[in-house]
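The values are calculated or read from the model by the stated rules, or taken from the named source; none is laboratory data. Quantities reported herein were computed from a predicted structural model and do not represent experimental measurements. Cβ: placed from backbone, ideal geometry, glycine included. Neighbour counts: every protein chain shown.
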Amino acid sequence: MKIISTVSDLSLFLNANSKSRNLGFVPTMGALHLGHLSLIQKALEQNDLVLCSIFVNPTQFNNSEDLEQYPDRIQEDLKALEEAGCHAVFTPIESEIYPKDYVSKQYDFGLLDKVMEGENRPGHFEGVAAVVSRLFELVKPQKAYFGEKDFQQLTIIKSLVQQERLNLEIVACPILRESDGLAMSSRNLLLQPKAREAAARIYKRLLRVKRLASNQPIPEVKKWITQAFDEDPDLTLEYFEIVNTADLQRSASWSDHKDHIACIACYADAIRLIDNLFIEIN
Ligand code: PAF
């Protein structure tokens with residue numbers, strides 16, 4: 001596996017491999033888990049060449065403590081990528097991504113970034129859009145792979161691709177879960193045992209929401225989940241929303257449309273976790 005750390009080496013690598021184009025790209029912030037490796041696997045199935053990037057993008061962290069504690073496991077990550085069969089990894093330092101005088105592009109995501117993560121993490125999606133558009137500009141992939149755990153991010157990146165009119169397919173990959181249901185996340189590494197045990201309740205509550213959808217109106221479901229978190233000493237709810245999968249706007253009732261997604265953000269100790277579950281109404 002080729003390890004590339006500068007923009008100029010990246011362009012040499014891409015030029016040298018321009019014949020084997022179909023290039024699949026998996027952007028990450030490292031601390032790779034099986035969820036990331038499933039994106040690599042999918043990319044390997046669909047492309048001749050697969051490039052992963054590992055870059056902890058400071059501009060998408062609205063909280064400096066969160067950035068400082070973000071796990072760094074570069075050696076383990078490189079080993080995992082190599083074993084997975086990834087062809088190349090781009091591990092730039094910040095000045096390669098944001099050189100002096102580089103001006104990040106601005107996007108208008110309408111209402112997509114005004115809710116949930118956007119509402120609770122000011123500036124987060126600006127940072128995500130800045131780094132993703134820069135990476136797309138450098139790598140110029142035919143396909144790029146993102147996990148559905150960050151469903152709002154995925155929706156926003158699809159909008160970015162449309163706004164930029166990029167000839168690029170965004171491939172959405174399903175959430176991978178631990179055996180107790182916790183969505184795989186790099187942040188899970190930071191959970192102390194009690195918080196880790198509590199974190200498994202997030203998915204269990206989402207499953208209950210899905211069951212309640214058959215006989216309870218949305219406001220009742222929201223009341224139930226708020227109370228479940230209020231009574232849970234180990235998990236603090238930041239938001240719970242049921243939104244339309246297309247425009248991420250709140251669903252007032254189940255009959256509003258067919259495809260809803262229940263999205264949650266909460267804290268287990270000081271670790272912020274997000275998860276979601278699709279709810280299809282027949
Ligand atoms: O989902 C992530 O890991 C990051 O937000 C991304 C897309 C790699 C941008 O930094």
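Quick notes on this one:
- Condition check for Ile170: over 20 Å from Glu241 (Cβ atoms) and either without any contact (Cβ under 8 Å) to a residue 24 or more places away in the chain or under 16 Å from the mean Cα position of the chain (by Cα) (or both): yes
- Being closer than 27 Å to Pro71 by Cβ and of a type outside the set (Phe, Trp, Tyr) is true of Arg272.
- Evaluation of Val7 against the conditions (1) within 15 Å of the ligand (Cβ to nearest atom); (2) touching a residue at least 40 places away in the same chain (Cβ under 8 Å); (3) touching an Asp or Glu at 6+ places or on another chain (Cβ under 8 Å); (4) under 19 Å from Phe136 (Cβ atoms) shows that the sole unmet condition is (1).
- Residues of region 50-76 that turn out to be within 13 Å of Pro27 (Cβ to Cβ) and either within 12 Å of the ligand (Cβ to nearest atom) or part of a helix (DSSP H, G or I) (or both), as a count: 7
- Hits in region 20-60 - residues which are among the β-branched types (Val, Ile, Thr), surrounded by fewer than 21 Cβ atoms within 10 Å (Cβ to Cβ) and touching a helix residue (DSSP H, G or I) at 6+ places or on another chain (Cβ under 6 Å): Thr59
- Pairs linking a residue in region 185-197 that is away from the ligand (no atom under 16 Å from the Cβ) to a residue that is modelled with pLDDT of 95 or more and assigned to a helix (DSSP H, G or I), with Cβ atoms under 9 Å and 6 or more positions apart or on different chains, are Leu191/Glu197; Leu191/Ala198; Leu191/Ala199; Arg196/Asn188.
- The lone exception for Glu94 - which of (1) within 14 Å of the ligand (Cβ to nearest atom); (2) within 19 Å of Phe146 (Cβ to Cβ) it fails: (2)
- On inspection, Thr28 passes the criterion of being within 19 Å of Arg177 (Cα to Cα) and not charged (D, E, K, R).
Here is a yes/no grid of residues against (1) at pLDDT below 95; (2) surrounded by 18 or more Cβ atoms within 10 Å (Cβ to Cβ); (3) within 12 Å of the ligand (Cβ to nearest atom):
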position: Gly85; (1), (2), (3): no, no, no
position: Pro99; (1), (2), (3): no, no, no
position: Met116; (1), (2), (3): no, yes, no
position: His124; (1), (2), (3): no, yes, yes
position: Leu135; (1), (2), (3): no, yes, yes
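- Residues within region 87-107 that are farther than 19 Å from Val128 by Cβ, among the acidic types (Asp, Glu) and in contact (Cβ under 8 Å) with a residue 12 or more places away in the chain, tallied: 0
- Failed condition for Ser8, given (1) assigned to a loop (DSSP other than H, G, I, E, B); (2) surrounded by fewer than 14 Cβ atoms within 10 Å (Cβ to Cβ): (1)
- Restricting region 137-158 to residues that are assigned to a strand (DSSP E or B) and not small (Gly, Ala, Ser), the residue that is surrounded by the fewest Cβ atoms within 10 Å (Cβ to Cβ): Lys143
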